[in-house]
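Peer 1: Here's a structure for you.
The values are calculated or read from the model by the stated rules, or taken from the named source; none is laboratory data. Quick caveat: nothing in here was measured; it's all calculated off a predicted structure. Don't worry about glycine lacking a Cβ; one is built from the backbone with ideal geometry, like all the others, and counts go over all protein chains shown. We work out accessible area using only protein heavy atoms, side chains counted, and drop any ligands, DNA or RNA first. Shrake-Rupley method; radii C 1.70, N 1.55, O 1.52, S 1.80 Å.
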Amino acid sequence: MKKVITYGTYDLLHEGHINLLKRAKALGDYLIVGLSTDEFNVLKHKEPFLPYKQRKIVLNAIKYVDEVISEENWEQKVLDIKKHNVDVFVMGNDWEGKFNELKNYCEVVYLQRTPIVSTTGLKRNIIDKIEK
Ligand code: C2G
């Protein structure tokens, strides 16, 4: 079984996230998502709308996702790759080149980001609508 892993905050799920998860799953048979905890998002300078518990429920409901683990720090990826016998590490190409050291442990693939869509943009649309 070919195992794929990817990481992210996955707040306010949108087409870009789904496109990434769909293509990541297509690279193997089993997709693990390392979901950023609320505490790790503070380190990432991100303030998700949804807390980790809710973001995990949403991800677990997606047909491309086979397992969700917590992402608590920048350093855990190598341990995760070894622990879960991961064959492919995938990220959107906004991270192009940032995780190349993982090539010592598995294949590293950066996939084209879906243009235009972003959680930040969604948040702005929601706020604009509320303020109207
Ligand atoms: N993504 C995408 N297209 C978009 C938006 C996001 O392909 N329009 C991808 C990102 O490239 C990433 C994944 O969807 O691979 C999750 O996006 P985020 O939740 O924003 O992830 P991020 O905060 O970048 O966390 O250790 C890695 C970090 O946890 C990555």
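Peer 1: Lys63 passes all but one of (1) open to solvent by 50 Å² or more (accessible area, probe 1.4 Å); (2) near the ligand (Cβ under 10 Å from one of its atoms); (3) at pLDDT 95 or above; (4) not small (Gly, Ala, Ser); which number fails?
Peer 2: The one condition Lys63 does not meet is (2).
Peer 1: Identify the residue in the range 119-132 that is surrounded by fewer than 15 Cβ atoms within 10 Å (Cβ to Cβ) and of a type in the set (A, V, I, L, M, F, W, C) and, among all such residues, is nearest to the chain's Cα centre (by Cα).
Peer 2: Ile126
Peer 1: Here's something else I'd like to know. Count, please, the residues in the range 1-19 that happen to be within 19 Å of His84 (Cβ to Cβ) and surrounded by 18 or more Cβ atoms within 10 Å (Cβ to Cβ).
Peer 2: Total satisfying the criteria: 7.
Peer 1: Tell me which of these Ile116 doesn't satisfy, since it passes every other one: (1) open to solvent by 70 Å² or more (accessible area, probe 1.4 Å); (2) over 17 Å from the mean Cα position of the chain (by Cα); (3) away from the ligand (no atom under 14 Å from the Cβ); (4) free of Cβ contacts under 8 Å to residues at least 60 places away in the same chain.
Peer 2: (3)
Peer 1: A further question on this structure: Pick from the range 82-113 the residues that are more than 14 Å from the chain's Cα centre (by Cα) and either within 7 Å of the ligand (Cβ to nearest atom) or exposed (fewer than 10 other Cβ atoms within 10 Å of the Cβ) (or both): which of them is farthest from Lys22 (Cα to Cα)?
Peer 2: Asn104
Peer 1: For the range 51-132, which strands (runs of 3 or more DSSP E) that fit wholly inside it have 1 or more residues that are of a type in the set (Gly, Ala, Ser) and out of contact with any Asp or Glu (no Cβ under 7 Å at 6 or more places or on another chain)?
Peer 2: Passing ranges, in order: 67-71, 88-92.
Peer 1: Which of (1) under 30 Å from Arg124 (Cβ atoms); (2) open to solvent by 70 Å² or more (accessible area, probe 1.4 Å); (3) among the charged types (D, E, K, R) is the odd one out, the single condition Glu71 does not satisfy?
Peer 2: So the condition that Glu71 fails would be (2).
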